[in-house]
Each structure stands twice: as C-alpha cells, then as structure tokens.
Amino acid sequence: MIEFRRVSFTYARGKRRAISDFSKIIKENTVISGPSGSGKSTILRFINGLIPHFFRGEFTGDVFVNGENTRELTTCDLFKRAGFVHQNPDAQVFNEDARKELIFTLENAGLPPREIKRRIDETVEKLGIRHLLNRKSHELSGGEKHLLTLASIIALGSPIILLDEPFSTLDGYYRHRLKSVLKGLKKLLVITEHRLEETLDLAGEFILIKNDSERMYTRDLSGVDLTTFRIREPEIFRISRETGVRLTGQNLIERLKKTGYRRDFFCPEVGETVLEALGVYYSYNGGFSLGEVDFHLGRGDVVVILGHNGAGKTTLMKVLAGIRKPGKGKVLRLGKTGYVPHNPQDIFFRTKVIDELKVSATDETWLNWIVQALFLEGTLERSPFLLSEGEKKRVAMAAVLASKPDIVFLDEPTTGQDGETVNSMAKIIKRLSEKGISVVVSTHDIEFAKEISCRWLLMEDGKIVAEINPAGVLYEEIKLMERLHIDPGIELRVMADGSKG
C-alpha cells in the first residue's frame, strides 16, 4: 500500500509547484494520466524516494510505502520495495551488454547468481526478448531498450512496480505481451500513461490530473470528458462517440462494418522530388543491417514509417537525414534537413530553452508560432534538461523547426505528449506540408499516423516491405501489418473488410 499525506513539492529553481496538497491511498493497480508536465512522473518519484533523496526542492507532507515513511528510507531501501522503469530508457541503461544490464539490476539487489539466472530466464521468456540478450545496448532501438529496462524491473520482483509510460515506444505485439505479463504479476502497479487503450483493463482506479492541485479519481472512464484533462480518447471511445454505436468490443466492429464506416485522411499535394535513396545499405559493425532501400520524397510530402521494435525505422531516418553515411548506395537531398531524435537530450547544449531555440532561428514570427503551437511559453526560461520528457521532446522539435528546414525527420514525436499536444503536432505537420516542407515520421502511434499521412511505409528487419495508402487499405495489408507487429486498430480493420477476398 502507498499513502500520500498532504504532499506538496516544488523543484529547486522551479517557479511553480509540481504538485499541491496531494492526499491519496493507493492499494490497487492505478493509472495516472493528464497533461505533459502536470506532475505524473513526480508522483512516481515520491514513491521510489527520488524525491526527496535525489531531486531537491521544497517538500511538505509525507509518503508511506507499506507503512514506512520514504523520508526515513534510502533510495537503496526503496529500490527493493518499488522498482521503477523510466520513460526514457537511455536514463536507465548503464551496461554495454544487454544481458549484463539485466544481471546488474539483480546484483544490486543482492541476489545470488543462481537466482539471478532463474529470474532472467523466466522474464525474458515471458516478454519474448531472448533475442536481445547477446546484443550491445547502444545498438538497440529505443523500444528494445525500453523492453530491456522493463525486463530488469519485472525480474527484480519488487512488491510495487512503477512504470512511466511503458507502452509508448512498443509495437503492437510487445504492447500486448507486456500487458499480459503485467496482468499475471501479483504486484501493485502504478502506471503513468497518455495512451489509455492498453490500460483500460489493467487499472482498478484512474487518477486524472488537470494541474498541480486539480485531480479526479474514477474507476470508469466511459462517462468522463477526457479532453478536460488533455487526455487522448481511446479509439474505441472516440468511434463510439462519433457514430453513436454502443461501446462493446467485437460487437462494435461488426456494427461499424454494416454502417459502411469510413474516415478521412490527409493526402497533401506533392511537388518535385527533394530526397531520393538509391540502393542504400547500412550496417552496425556486422550486426543489424539496413538495405537495400530505395525511397523518394516529394516537396510537401508526409511519410510515416511503421514497423516492429528493431525494424530499422530510426536507422533509416538517420541515413536519409545524413546523420549516418550509407555503406552502399547514395542519398540525394535538395535543401536543408532537420532531425528530431528519439532521445531529445541528444541535441541540447544550452542552459535555457529560449537560448536553445534561438541557436538556429532565422525568423522571430515563425519561432513565436512554433513556441505557441507546441505549448512552450511557460518553459522558455527553464533548463531544457530539467523539463518533463514530453516537454523535452517538444523543445527539441521546436529547436529543429526554428531553422526552417526543407525536410524534417521526427522520431517518435508523440512519446510523452498529451492529447491536446498531439492534436497540435498533427496541425503543425499539415502546415509544414502546405508550406512545401517535407516530413518523415517514425512512430508506433497509429492514431497519430492516421491524422497526418496517407503514405505509410512498412518496415521489417531493415527493409521496406510495403507502401500502403490507409485510405484504401486492403484486407491483405491489414494481415501484413499484424504480421509486422503493427496494430491497425479498429477503423482500418473495418475499412478493409470490404476488400476481403
């Protein structure tokens, strides 16, 4: 059991409270959701002792974990009581070798070698990640690193497990597999998440946060106006609201098929070719390889890259953007490129957000529009390194867009973003396209993909295996997506049913 008693906290150098007068007893699986930067991760930091033992600031009130005050416990004590998976896996991976990373976590808990081996074998089997164990950590994709950190904490076996956006970087297969593993654990789960689809049958209670002091507690989301909390509606909620069809799983799909349900897609007018890849091949020191890829991008084009964790989406974007040089083939570009990485901190080097944004800004009016569109007004005087993960991602995106590139590459842009921000990102991408700026997006977020593009590239093991138009998606393409660990969602399954042979 976890108990918060009149807890308030302001981070050192913070100008506003991260959380105010929070009192709550948590004794069943709980999901916390709300705007980016609203204090969701802060609540997890109270439970594992990072506040007050690591993050400094003004802290009042008390937090009890299984009856013990976290003020009186060390982070080492709490590590065994409450295992924590960070939203950004790069902040939690310390070893060069993936297997050693798992061993390292369990060794820190003082477990004997035989027990360590047993737990690792059991956990990697449940999660289906044995193929990652002989890989170098730096060669893993963002999603694969996240699976590694999840495995280390699940194997640790703490009675409480804290998960900060566990589903956001995982493909459909691993989202389903992780959810199945979590359901089987006899642990107390506290999860922060923007994408609630995967948590609807995991949580006993939801904590919905509007700001530092306004919160709502509920066991049933079906009657809640989630937009009040800047939370994205789960697809099944949205479709039911739009169509008036009763919200039940398979029944919903069958009834939608009878209505001839369709949706609109953004299909921009595309101009001259601004990027072309010809026979591109790339290899990581004899490990994962990309190739041979042929690809073209038109002016104003918006392309979404989808694929399983480790399919090569990020590698392809880095080669196309010129960050990695292909081993074979060539990439021809017309104009300036900008790349927003999966880990936004990779491109920060100033101590204030406003200074970070002005490094490459050429047009103050354009910069001001970007800042407003990405809801960054309140962050400008803060350090980009001290922001929430979602805020960091938006600062990185703003910093790249400030230079007015001709081609923009966005790696998992919706990670850590609330519903209102995701909607704004979609509008930004459409405006970029209208201005003749080409955009390439790598994502596992199908809802976002449906909003921004009707040109999707499907990847598998370093190769582009198909290009599809979701507006006219075929039944065979849905089956291919499922084989590639891409969850098409309800709408595309309904729309493709008529093409079933």
Fill in the blank from the handout: Between Lys352 and Lys27, the FRET efficiency computed from the C-beta separation at R0 = 51 Å comes out, to the nearest 0.05, as 0.75
Handout entry: segment 2-231 - share of DSSP beta bridges that are antiparallel (%, nearest 5)
Key = 55 percent
Exercise for the section: Sum -39500 (n - 2.57) across every DSSP H segment of at least 4 residues in the chain, then divide by the residue count to get the 222 nm mean residue ellipticity, nearest 500. Expected result: -10000 deg cm²/dmol
Completion exercise
Checking every Cys Cβ in the chain against the others at 4.7 Å leaves as unpaired Cys76
Problem - Residue-count net charge about Asp301 - beta-carbon cut-off 11 Å; Lys, Arg +1, Asp, Glu -1 - result: 0
Handout entry: Environment charge at Gly416 (Cβ cut-off 12 Å; Lys +1, Arg +1, Asp -1, Glu -1)
Key = -3
Fill in the blank from the handout: For the chain, percent of DSSP beta bridges that are antiparallel (nearest 5) comes out at 55 percent
Handout entry: Label assignment, semi-axes √(5λ) of the Cα gyration tensor in Å derived from the structure, set (1) 35, 26, 26; (2) 48, 22, 22; (3) 47, 28, 18
Key = (1)
Exercise for the section: Among Cys267, Cys454, Cys76, rank each residue by its count of other Cβ atoms within 10 Å, from fewest to most, as a rough exposure measure. Expected result: Cys76, Cys267, Cys454
Practice task
Work out, step by step, the length gained on full extension between Lys210 and Asp77: first 0.36 nm times the residue separation, then minus their alpha carbon distance; give nm to one decimal.
Solution key: 44.7 nm
Fill in the blank from the handout: Gyration tensor on Cα atoms of segment 59-114, a ≥ b ≥ c root eigenvalues, a/c under 1.5 rounded, else prolate if a/b beats b/c, else oblate, says oblate
Problem - Förster-model FRET efficiency, 56 Å R0, Arg241 and Glu122, C-beta, rounded to 0.05 - result: 0.85
Problem - Fewest-first ranking of Ile116, Ile478, using other Cβ atoms within 10 Å as the exposure measure - result: Ile116, Ile478
Problem - Sites matching GluC sites (Glu not before Pro) across segment 250-337 that sit in DSSP coil, with at most 12 neighbouring C-beta atoms within 10 Å - result: Glu269, Glu272
Handout entry: Point-charge dipole on Cβ atoms (K/R +1, D/E -1) for the chain, about Cα centre, debye to 20
Key = 460 debye
Exercise for the section: Give, rounded to the nearest 20 debye, the magnitude of the charge dipole that segment 69-226 has about its Cα centre when Lys and Arg contribute +1 at Cβ and Asp and Glu contribute -1 at Cβ. Expected result: 640 debye
Fill in the blank from the handout: chymotrypsin sites (Phe, Trp or Tyr not before Pro) in segment 332-366 lying in a DSSP loop, each with at most 13 other Cβ atoms within 10 Å of its Cβ, come to Phe349
Fill in the blank from the handout: Checking segment 301-392 for GluC sites (Glu not before Pro) in a loop per DSSP with at most 11 other beta-carbon atoms within 10 Å yields Glu381
Exercise for the section: Starting from the Cα-Cα distance between Lys325 and Tyr284, subtract it from 0.36 nm times their residue separation and give me the gain in nm to one decimal. Expected result: 13.6 nm
Problem - Order of His86, His296 under a 10 Å beta carbon neighbour criterion, fewest first - result: His296, His86
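Quick note: the coordinates plus some simple rules give every number you see, no bench work behind them. Fair warning: this is a prediction, and the values are worked out from it, not measured in the lab. Reconstructed Cβ throughout: ideal geometry from the backbone, glycine too, with neighbour counts over all protein chains shown.
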